[in-house]
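Here the structure comes first, spelled out in structure tokens, and everything after it is commentary.
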Amino acid sequence: MRLMMNKFEKKIIMENKEDVHINSDDFLAKLHSRIQTSNTNRQTLFTSLAFVFTVLLLIITEFGAPESKIENYFVDSTDNLLETDFWNIMIDSLDYDQDYYNDMAYFLLDEGYVWETVELIEQLAARKGES
Amino acid sequence: MEKDHELIKLYQNGNQTAYDRLVRRYLSNTVGFFYTITRDKMVAEDLAQDVFFKLFKTLKNFKFQSAFSTYLYRTNLNTVNSWFTRNKWKRFLHLDQILNQQKIDTSVEKGWIKKELWNAISNLPKKQRSVVVMRIAEELPYKEISNITGMSEGTAKVNFHHALRTLKDALNDE
């Protein structure tokens, strides 16, 4: 069995023995060209990665974008705008000065609301009396 | 003539021509190795290109712990194993070659067909295949094979014996 195997081994070794002639200069030229191409590809890859990284960094950090002025677009405090309804004004009408009532009375008279004017004056007088 | 390790040291110090000299020294042996297996000069040359391209990159970190020839054989073996795997898929997909295959099978009874032998080798398990490739294509002793593949001499011998038996059956050798 062992002898048969050795015979078989020798047979396949002998069958496969063949010499190949190759031009080493051509082979080396091809090899150098391949190495150069590989180096160029690697450089291109690194440059592309660096470019993508820079773009991503700029996007994330918003570097270079003008500083936005928020107050141009909305008012910080909305209290004054929203709280101007008549029922929300937290000021007692008596606190208004006499000129305000006078102006209001003249306005109502101009508009033809005579009785309303009288009522306003009476209310003012009554409140003054109370205070 | 400078020794391999001296040339590698020169190459590691930036001397490109030292690498060229190393390639010239082992070129015909490497191409011959691949030609024995592939039976195609173009493919053999391409595989040799792959090997020396890999070595161009890896030799910069060579640690001088083994002979360059052992390192080269190991690279050759890895390259040829990858080629076997690629080729197996190619053969599997080339369904139009089934008829030719039948013709080859009948002619094996009359004589040797090298292509058929290497097809049978490519179907062996990886360990057996590695030993057979080193033994048949390079005629290396078991000690060298054990250095290259990392298995013990005894394991290499056993693998080779099993591989030969399988090949003998596959090729219907009397």
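The values are calculated or read from the model by the stated rules, or taken from the named source; none is laboratory data. Just so it is clear, the structure is predicted and the values come from calculations on it, not from any experiment. So basically every Cβ, Gly included, is an ideal-geometry build from the backbone, and we count neighbours across all protein chains shown.
If I filter the range B:48-80 down to residues being within 12 Å of chain A (Cβ to nearest Cβ) and surrounded by 16 or more Cβ atoms within 10 Å (Cβ to Cβ), which single residue comes out as nearest to B:Glu116 (Cα to Cα)? Reasoning before the result, please.
Narrowing the range B:48-80 to residues within 12 Å of chain A (Cβ to nearest Cβ): B:48-57.
Add one more test, that the residue is surrounded by 16 or more Cβ atoms within 10 Å (Cβ to Cβ), and what stays is B:48-52, B:55-56.
On the way: B:Ala48: 22, B:Gln49: 25, B:Asp50: 25, B:Val51: 25, B:Phe52: 28, B:Leu55: 31, B:Phe56: 34 Å.
Looking at the filtered set, the residue picked out is B:Ala48.
Which of the following residues is at pLDDT 75 or above, of a type in the set (Phe, Trp, Tyr) and either in the same structural domain as A:Val118 (by TED's automatic domain parsing) or more than 30 Å from B:Tyr35 (Cβ to Cβ) (or both): A:Phe46, A:Phe86, A:Phe74? Steps first, answer last, please.
On the way: A:Phe86 fails: at pLDDT 75 or above; A:Phe74 fails: at pLDDT 75 or above.
Within the list A:Phe46, A:Phe86, A:Phe74, the selection yields A:Phe46.
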TODO: For the range B:34-41, state whether one or more residues are at the interface with chain A (Cβ under 9 Å from one of its Cβ atoms), surrounded by fewer than 18 Cβ atoms within 10 Å (Cβ to Cβ) and either part of a helix (DSSP H, G or I) or free of Cβ contacts under 8 Å to residues at least 40 places away in the same chain (or both).
DONE: yes
Open item on the list: Step by step: first the residues of the range B:44-74, then only those that are aliphatic (A, V, I, L, M) and assigned to a helix (DSSP H, G or I), then the one that is farthest from B:Phe33 (Cα to Cα). Which residue is that?
Closed with: B:Leu59
- [ ] Would you mind stating whether B:Phe92 is at pLDDT 85 or above, of a type outside the set (S, T, N, Q) and either within 30 Å of B:Asp20 (Cβ to Cβ) or surrounded by fewer than 16 Cβ atoms within 10 Å (Cβ to Cβ) (or both)?
- [x] no
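Among the residues in the range A:100-120, are any farther than 30 Å from B:Ile37 by Cβ, modelled with pLDDT under 70 and assigned to a helix (DSSP H, G or I)? Spell out the reasoning first.
Within the range A:100-120, the first condition is being farther than 30 Å from B:Ile37 by Cβ, and the residues that meet it are A:100-120.
After this cut, where a residue has to be modelled with pLDDT under 70 as well, the list is none.
Within the range A:100-120 (the criterion being farther than 30 Å from B:Ile37 by Cβ, modelled with pLDDT under 70 and assigned to a helix (DSSP H, G or I)), the answer is no, since none of the residues qualifies.
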